[in-house]
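Visitor: Have a look at the structure that comes next, please.
The values are calculated or read from the model by the stated rules, or taken from the named source; none is laboratory data. In this text, all values refer to a predicted model and were calculated from it rather than measured experimentally. Cβ placement follows ideal geometry from the backbone for every residue including glycine, while neighbour counts extend to all protein chains displayed.
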Amino acid sequence: MEEKMTLLIEINSLLATIPDYQLAMSESEMEYYHIFITDKGYIDRLYLEYGEISDKFLGKTRKEAIQSLAHNWIFMYGEDLFAAKLYWSWEKKLSQIDKFKHFCAYCDSYIYKT
């Protein structure tokens, strides 16, 4: 449990390096993550409806797991920030989608920087 919290604190530290956005996770959001550390790598477990379980491989190393979780958080945050509205195809208003893609690319440039 403590290792999970230190991992999530490192993710918040990484998210804090991205200028112009306040992307840190709250403590209540951190509690929803079920992260397992095995000898094969880091796994994020999701509990779905009807008792179904989905395991997502985050990476072999701690750094890969942090980057993967930070990217997932950016993607979820961006979906709320740039919620695409439904338009008829002839309206061609894809600016929200373009903004979302630019936002993700901008944030990923900080996450995956070596």
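Visitor: If you check ILE97 against the conditions, is it more than 22 Å from LEU8 (Cα to Cα) and at pLDDT 75 or above?
Guide: yes
Visitor: Read through the list (1) among the aliphatic types (A, V, I, L, M); (2) closer than 18 Å to ASP108 by Cα; (3) at pLDDT 85 or above, then give the number of the only condition that ILE35 fails.
Guide: (2)
Visitor: Considering only segment 47-64, how many residues are in contact (Cβ under 8 Å) with a residue 12 or more places away in the chain, of a type outside the set (D, E, K, R) and assigned to a strand (DSSP E or B)?
Guide: 4
Visitor: Something else now. What are the pairs with Cβ atoms under 9 angstrom where one residue, in segment 66-78, is closer than 16 Å to LEU7 by Cβ and the other, located anywhere, is modelled with pLDDT under 85 and part of a helix (DSSP H, G or I)? Sequence gap at least six, or different chains.
Guide: TRP73/GLU29
Visitor: Another question, if that's okay. Could you list, in sequence order, the residues of segment 15-25 that are more than 27 Å from LEU48 (Cβ to Cβ) and either at pLDDT 80 or above or surrounded by 10 or more Cβ atoms within 10 Å (Cβ to Cβ) (or both)?
Guide: The answer is ALA16, THR17, ILE18, PRO19, ASP20, TYR21.
Visitor: Based on what the data block shows, is SER28 loosely packed, with under 10 Cβ neighbours inside 10 Å and assigned to a helix (DSSP H, G or I)?
Guide: So SER28 passes the test.
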